[in-house]
């Protein structure tokens, strides 16, 4: 397990390093004056000169990339020249909102998905099972930003059940949660479908295993066997899917944040891209990719810890 | 081959969800192809006295903020969606197919290097990468297609690689080799046809994803140029004027939901028919 953990962590670090270096390289190597590419057309000559010096733009590309990483490792993500603040500050003030959103989505998909999946597996091949199956696929297919727009239209604009703008009052937990309900549901709905299907499939597989039969033969109530024993095994694959799904959720979060006018990494990247504020784009991308890879890694390690067979498959 | 197809279609016809999916897809394709003939109005024509009109006999799905007929614009948007979707799926599918087979057949180090490459590409959250790249590239359909290809061919590559690896060591390939079959014969006569099944399922399921990415990019303003009636642009207009009319959002989201439902149900049905083993997987 230790060896496996080391391997996986090394691979994850390698992926983040290469993914970010490539992106940084593309931005630097693009035709045109890198200062105008990286700082945007609105930059003043002073800003350009400062930037050129700070970034060491006359060094070879490889050196520049290594220098970039040197700064990142010492906690310096660069400077947001437009608002004159460190990029790290901008990113770190946006990150908690996005993390809350993604975990809200995971909450929806785990609770609703496991309930739906366990329910279908318990009544396999009944009409209800078929209906839930179709609903699951419909959830998976519905594009998250259309779900976000429809729920905004229905629950915020028409019914006025939930607020439509912002992330809520700082310090007021209830208001924060109220503001989180719709956007996190919009992101999580597709994953409700995925989780439901996977939980159903793995529960059905588990229910064919001999230890379940033994438990039934010993006279344990059916309900207890299904919901305690089989469900426990079925949660593992769901954890893995959600871990990998975080990348997709981050993409959906961009839409949810924009549709519901919430602060967050998505909004930050979106506004920075429109402003051509590249240092912020780079910093936010680094955090987004790092977050995604870390979550996928954790899901993978949890799986490996709980199910040793998993360590060999890859 | 023709008998195989006949039975496949026969089996699909007995699956009500597959039939529904095929009907939806066929209707959308027909509407996109014959958009000019079906559209009641020119999709750029502005009816300034009928801005934000609700659906009526005159404007079937209402009008937008400039008084343009939403139905005509959505028909035109179907063209954009299909063009981007098919082009991007074909290009990324081919790249993935070639790289996946190279990884499956190549030496260990090359396989590992390609796997690492695939995993690195998959680490980019699609829309976030699209935003970053779109800022560096000119706005337009080409950019949309490039972004989609970059973010999606790794998926094909991984599936093709796994399939190739498992086939490479199967007994019928060993037998072929023992009989002295050439490398080309093994690849094109044996591996390729067997890889194509899962490949087409993936492509069918990937197409709506691609169409959604195009709509998403256009919604965010980094997709099609301004004024182009992509489904995403229609939704963006609806979002900007959500207090004036609900119809733009309702109508603009509909084709996207239909197209994703259609292709997802078709992909599901194809998977059930072509590869029952995959069912318990993802």
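For region A:203-224, taking the residues that are within 23 Å of residue A:139 (Cβ to Cβ) and either in contact (Cβ under 8 Å) with a residue 60 or more places away in the chain or not in a helix (DSSP H, G or I) (or both), the one that is farthest from the chain's Cα centre (by Cα) is identified as A:204.
For the structure I just gave you, tell me whether residue B:35 is within 14 Å of another protein chain (Cβ to nearest Cβ) and in contact with a helix residue (DSSP H, G or I) (Cβ under 6 Å, 6 or more places away or on another chain). No. For residues in region A:149-162 being farther than 23 Å from residue A:254 by Cβ and not in a helix (DSSP H, G or I), which is nearest to the chain's Cα centre (by Cα)? So the residue we want is A:161. The lone criterion from (1) within 14 Å of chain B (Cβ to nearest Cβ); (2) in contact (Cβ under 8 Å) with a residue 24 or more places away in the chain left unmet by residue A:301 is number (1).
Taking region A:250-277 as the range and being within 8 Å of chain B (Cβ to nearest Cβ) and either within 21 Å of residue A:51 (Cα to Cα) or in a loop (DSSP other than H, G, I, E, B) (or both) as the test, the residues that pass are A:269, A:273, A:274, A:276.
Kindly indicate whether residue B:120 is surrounded by fewer than 24 Cβ atoms within 10 Å (Cβ to Cβ) and more than 8 Å from chain A (Cβ to nearest Cβ).
Judged against the criteria, residue B:120 is not a match.
Can you tell which of A:290, A:245 is on the phi < 0 side of the Ramachandran plot and either facing chain B (nearest Cβ under 10 Å) or free of Cβ contacts under 8 Å to residues at least 24 places away in the same chain (or both)? Step through it out loud before you land on a result.
Numbers: A:245 fails: either facing chain B (nearest Cβ under 10 Å) or free of Cβ contacts under 8 Å to residues at least 24 places away in the same chain (or both).
Exactly one of A:290, A:245 is on the phi < 0 side of the Ramachandran plot and either facing chain B (nearest Cβ under 10 Å) or free of Cβ contacts under 8 Å to residues at least 24 places away in the same chain (or both), namely A:290.
Condition check for residue B:162 on (1) in contact with a helix residue (DSSP H, G or I) (Cβ under 9 Å, 6 or more places away or on another chain); (2) farther than 20 Å from residue A:255 by Cα; (3) away from every other protein chain (no Cβ under 13 Å): one failure, at (3).
For region A:22-39, the candidate set comprises residues that are modelled with pLDDT of 65 or more and within 10 Å of another protein chain (Cβ to nearest Cβ); within that set, the residue that is farthest from residue A:277 (Cα to Cα) is A:22. In region A:183-196, the residues that are touching a residue at least 12 places away in the same chain (Cβ under 8 Å) and assigned by TED's automatic domain parsing to the domain that holds residue A:231 form Cβ pairs under 8 Å with partners that are outside any helix (DSSP H, G or I) and crowded, with 24+ Cβ neighbours inside 10 Å, at six or more places apart or across chains, as follows: A:183/A:260.
Restricting attention to region A:282-289, does a residue exist that is assigned by TED's automatic domain parsing to the domain that holds residue A:212, buried (at least 22 other Cβ atoms within 10 Å of the Cβ) and under 24 Å from residue A:140 (Cβ atoms)? Checked region A:282-289: at least one residue is assigned by TED's automatic domain parsing to the domain that holds residue A:212, buried (at least 22 other Cβ atoms within 10 Å of the Cβ) and under 24 Å from residue A:140 (Cβ atoms). Taking (1) within 12 Å of another protein chain (Cβ to nearest Cβ); (2) part of a helix (DSSP H, G or I) in turn, residue A:165 satisfies each apart from (2).
Residue B:128 - would you say it is within 14 Å of chain A (Cβ to nearest Cβ), surrounded by fewer than 20 Cβ atoms within 10 Å (Cβ to Cβ) and closer than 17 Å to residue A:288 by Cβ? The answer is no for residue B:128. On the stretch given as region B:88-128, residues that are assigned to a helix (DSSP H, G or I) and in contact with a helix residue (DSSP H, G or I) (Cβ under 6 Å, 6 or more places away or on another chain) total 23.
Among residues of region A:181-202 being within 15 Å of the chain's Cα centre (by Cα) and more than 13 Å from chain B (Cβ to nearest Cβ), the one that is surrounded by the fewest Cβ atoms within 10 Å (Cβ to Cβ) is A:185. Restricting attention to region A:51-101 and to residues that are under 28 Å from the mean Cα position of the chain (by Cα) and at positive phi, the residue that is surrounded by the fewest Cβ atoms within 10 Å (Cβ to Cβ) turns out to be A:75.
Residue A:214 versus (1) touching a strand residue (DSSP E or B) at 6+ places or on another chain (Cβ under 7 Å); (2) more than 27 Å from residue B:218 (Cα to Cα): which is the lone unmet condition? Among (1) touching a strand residue (DSSP E or B) at 6+ places or on another chain (Cβ under 7 Å); (2) more than 27 Å from residue B:218 (Cα to Cα), residue A:214 violates only (1). Looking only at residues that are buried (at least 20 other Cβ atoms within 10 Å of the Cβ) and farther than 13 Å from residue B:224 by Cβ in region B:131-147, which one is farthest from the other protein chains (Cβ to nearest Cβ)? The residue in question is B:133.
Of A:239, A:280, which residue is within 30 Å of residue A:44 (Cβ to Cβ) and either more than 10 Å from chain B (Cβ to nearest Cβ) or free of Cβ contacts under 8 Å to residues at least 60 places away in the same chain (or both)? Step through it out loud before you land on a result.
Details: A:239 fails: within 30 Å of residue A:44 (Cβ to Cβ).
After ruling out the rest, the residue left standing is A:280.
Just give me the residues in region A:135-155 being at the interface with chain B (Cβ under 10 Å from one of its Cβ atoms) and out of contact with any helix residue (DSSP H, G or I) (no Cβ under 7 Å at 6 or more places or on another chain), in sequence order. If the condition is that a residue be at the interface with chain B (Cβ under 10 Å from one of its Cβ atoms) and out of contact with any helix residue (DSSP H, G or I) (no Cβ under 7 Å at 6 or more places or on another chain), then A:154 is the only one that fits. With a requirement of 1 or more residues that are under 18 Å from residue A:241 (Cβ atoms), the helices (runs of 4 or more DSSP H) lying completely within region A:57-146 that satisfy it span A:87-122, A:127-141.
The values are calculated or read from the model by the stated rules, or taken from the named source; none is laboratory data. No experiment lies behind these values; they were computed from the predicted model shown. Backbone-built Cβ (ideal geometry, glycine too); neighbour counts: all protein chains shown.
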